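Asks: Handing you a structure now.
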Amino acid sequence: MKKLFKGIILILIFVLQALPDNIDATCSLSLLALGDINLGRQVGQEILKGNINYPFEKFSNVLQQADVIFANLESQITDQNGETQSPKSNLIFCAPPEAALTLKHANITVVSTANNHAYDYNLKGLGETIDFLKSQNIKYTGTIKNTDEVFEPAIIEKNGITIGVIAYTESVNMIRGYKSGLISIFDSTRAQLEIQNIKDKVDFVLISYHGGDEYKDEPNSRTKRNLKFFAECGANIVIGHHPHVPQGIEMYRDCVIFYSLGNTVFNQPQRYWTQRAFAALITFEKKNNVKNIAEIELIPYRAGFQPAKNLEPDEEMALMERIRKLSKVKISKNEKGYFIELLNGLTNENQ
């Protein structure tokens, strides 16, 4: 009997020693979600002059707050012999090759390449965008170089937490020579399968959706339906792009939906709200395999050639009032900033 008891004790000691030291530790990862980034046009010319950090040099105080940074890359990165905007149309633009280094210096971790400008400079531009991003180890999702490939989510792994990022666009500008199948056009059947396939392999799923109506205060019914569909499929965060103005926020089925974050690096001075935007600083946590969104801070700022957190007090107040009015969430303010009230965190119950 004593031998049996000793044997059990030895087994228990062995099992306890084999357990990781941090079994009760909380893993935490902060992700900063930004809006539309266009490194073409005049910004591209500044980059070509050697001002690699020009777009983000006034924004470092925001960028340095996060472990990882996500943005919508609205300009292809391609060598067009110094051209960053088509002489035929200002709606056709691209960033120079050096722009990949601009993103790297800004610590941008992952970008969506699925948007209506994803084919502005044809197949060459699409392929070079992927190559230049890869050269700087910037993850991307939303485009592929040939139809033999399949669209893959970008996987972010840091601090013991894994996030799968998938991107879709509602449409692509019809440029001559457009080749279908290379840009992730939203399709509900494919989207459902892609989300289901990745959900069990990551801790959280983030969806980027490029679509809706430009410059409108609220999303149209189609956009609302599509973004809620992602939540129904199991997404945890859904981020809308393309309206170029800040829109509202909604919590739906344990998913936080940002209908539009507005612009980041995108100069559209002809409208007031295209020059005002907010970033979402999202804190993901995991402990004992319980995963939740612990905190979401909203960071208001001025968008344009060089985004900056330098809004006047009345401008900031007006922007946050707009977001509150358009949202279906409660937004509170304290000495640290503006936060979505999450009722002690939003648990990822579907995991």
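Asks: Would you mention how many residues in the stretch 193-205 are touching a Gly at 6+ places or on another chain (Cβ under 7 Å) and among the hydrophobic types (A, V, I, L, M, F, W, C)?
Replies: Counting residues in the stretch 193-205 that are touching a Gly at 6+ places or on another chain (Cβ under 7 Å) and among the hydrophobic types (A, V, I, L, M, F, W, C) gives 4.
Asks: Looking only at the stretch 337-351, filter to residues that are closer than 30 Å to PRO313 by Cβ and modelled with pLDDT under 95; which one of those is nearest to the chain's Cα centre (by Cα)? If you could, list the steps in order and put the result at the bottom.
Replies: Initially, the stretch 337-351 is screened for residues closer than 30 Å to PRO313 by Cβ, giving 337-343.
From what is left, the residues that are modelled with pLDDT under 95 are 342-343.
Numbers: LEU342: 20, LEU343: 24 Å.
Here the answer is LEU342.
Asks: Run GLU285 past the list (1) outside any loop (DSSP other than H, G, I, E, B); (2) over 22 Å from PRO55 (Cβ atoms); (3) out of contact with any Ser or Thr (no Cβ under 7 Å at 6 or more places or on another chain); (4) in contact (Cβ under 8 Å) with a residue 12 or more places away in the chain and report the number of the one that doesn't hold.
Replies: Every condition holds for GLU285 apart from (3).
Asks: Part of a loop (DSSP other than H, G, I, E, B), more than 30 Å from ASN267 (Cα to Cα), under 17 Å from the mean Cα position of the chain (by Cα) and modelled with pLDDT of 95 or more, is that true of ALA235?
Replies: Details: part of a loop (DSSP other than H, G, I, E, B): yes; more than 30 Å from ASN267 (Cα to Cα): yes; under 17 Å from the mean Cα position of the chain (by Cα): yes; modelled with pLDDT of 95 or more: yes.
For ALA235, the condition - part of a loop (DSSP other than H, G, I, E, B), more than 30 Å from ASN267 (Cα to Cα), under 17 Å from the mean Cα position of the chain (by Cα) and modelled with pLDDT of 95 or more - is met.
Asks: Tell me which of these ASP217 doesn't satisfy, since it passes every other one: (1) buried (at least 23 other Cβ atoms within 10 Å of the Cβ); (2) assigned to a loop (DSSP other than H, G, I, E, B).
Replies: (1)
Asks: (1) closer than 29 Å to ASN116 by Cβ; (2) more than 18 Å from the chain's Cα centre (by Cα); (3) acidic (Asp, Glu): which one isn't true of GLU250, the others all being true?
Replies: Only one criterion in (1) closer than 29 Å to ASN116 by Cβ; (2) more than 18 Å from the chain's Cα centre (by Cα); (3) acidic (Asp, Glu) is unmet by GLU250, namely (2).
Asks: Say we look at the stretch 77-113 and pick out the residues that are touching a Lys or Arg at 6+ places or on another chain (Cβ under 7 Å) and in a strand (DSSP E or B); which of these is nearest to GLY35 (Cα to Cα)?
Replies: Filtering the stretch 77-113 for residues that are touching a Lys or Arg at 6+ places or on another chain (Cβ under 7 Å) and in a strand (DSSP E or B), the one nearest to GLY35 (Cα to Cα) comes out as VAL110.
Asks: For the list (1) exposed (fewer than 14 other Cβ atoms within 10 Å of the Cβ); (2) touching a helix residue (DSSP H, G or I) at 6+ places or on another chain (Cβ under 6 Å), I need the number of the one condition that GLY164 fails.
Replies: Failing condition for GLY164: (1).
Asks: Sort out which residues of the stretch 60-72 are farther than 13 Å from LEU281 by Cβ, outside any helix (DSSP H, G or I) and either over 13 Å from the mean Cα position of the chain (by Cα) or not hydrophobic (A, V, I, L, M, F, W, C) (or both), and write them in order of number.
Replies: To start, the set of residues in the stretch 60-72 that are farther than 13 Å from LEU281 by Cβ comprises 60, 71-72.
Retained after the next criterion (residues that are outside any helix (DSSP H, G or I)): 71-72.
Selection gives ASN72 alone.
Asks: Further, regarding this structure: Give the stretch 290-322 a look and list any residue that's out of contact with any helix residue (DSSP H, G or I) (no Cβ under 9 Å at 6 or more places or on another chain), part of a loop (DSSP other than H, G, I, E, B) and either among the basic types (Lys, Arg) or free of Cβ contacts under 8 Å to residues at least 40 places away in the same chain (or both), or say none.
Replies: Restricting attention to the stretch 290-322, the residues satisfying the condition of being out of contact with any helix residue (DSSP H, G or I) (no Cβ under 9 Å at 6 or more places or on another chain) are 290-297, 310, 312-318, 320-321.
Now restrict to residues that are part of a loop (DSSP other than H, G, I, E, B): 310, 312.
Correct list: GLU312 only.
Asks: On to the next question. Can you say whether LYS216 is modelled with pLDDT of 95 or more and over 19 Å from the mean Cα position of the chain (by Cα), as far as the supplied structure shows? Walk me through how you get there before you give the answer.
Replies: Details: modelled with pLDDT of 95 or more: yes; over 19 Å from the mean Cα position of the chain (by Cα): yes.
When the stated conditions are applied, LYS216 passes them.
Asks: Would you point out the residue of the stretch 259-285, among those that are within 16 Å of the chain's Cα centre (by Cα) and over 20 Å from GLY304 (Cβ atoms), that is surrounded by the most Cβ atoms within 10 Å (Cβ to Cβ)?
Replies: Top of the filtered list is PHE284.
Residues checked against (1) surrounded by 15 or more Cβ atoms within 10 Å (Cβ to Cβ); (2) part of a loop (DSSP other than H, G, I, E, B); (3) modelled with pLDDT of 95 or more:
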{"site": "LEU126", "(1), (2), (3)": "yes, no, yes"}
{"site": "ILE130", "(1), (2), (3)": "yes, no, yes"}
{"site": "LEU133", "(1), (2), (3)": "yes, no, yes"}
{"site": "VAL150", "(1), (2), (3)": "no, yes, yes"}
{"site": "SER171", "(1), (2), (3)": "no, yes, yes"}
{"site": "GLY177", "(1), (2), (3)": "no, yes, no"}
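The values are calculated or read from the model by the stated rules, or taken from the named source; none is laboratory data. Treat the numbers as computed from the prediction; the structure is a model and nothing was measured. Note that we place each Cβ from the backbone using ideal geometry, even for glycine, and neighbour counts take in every protein chain shown.
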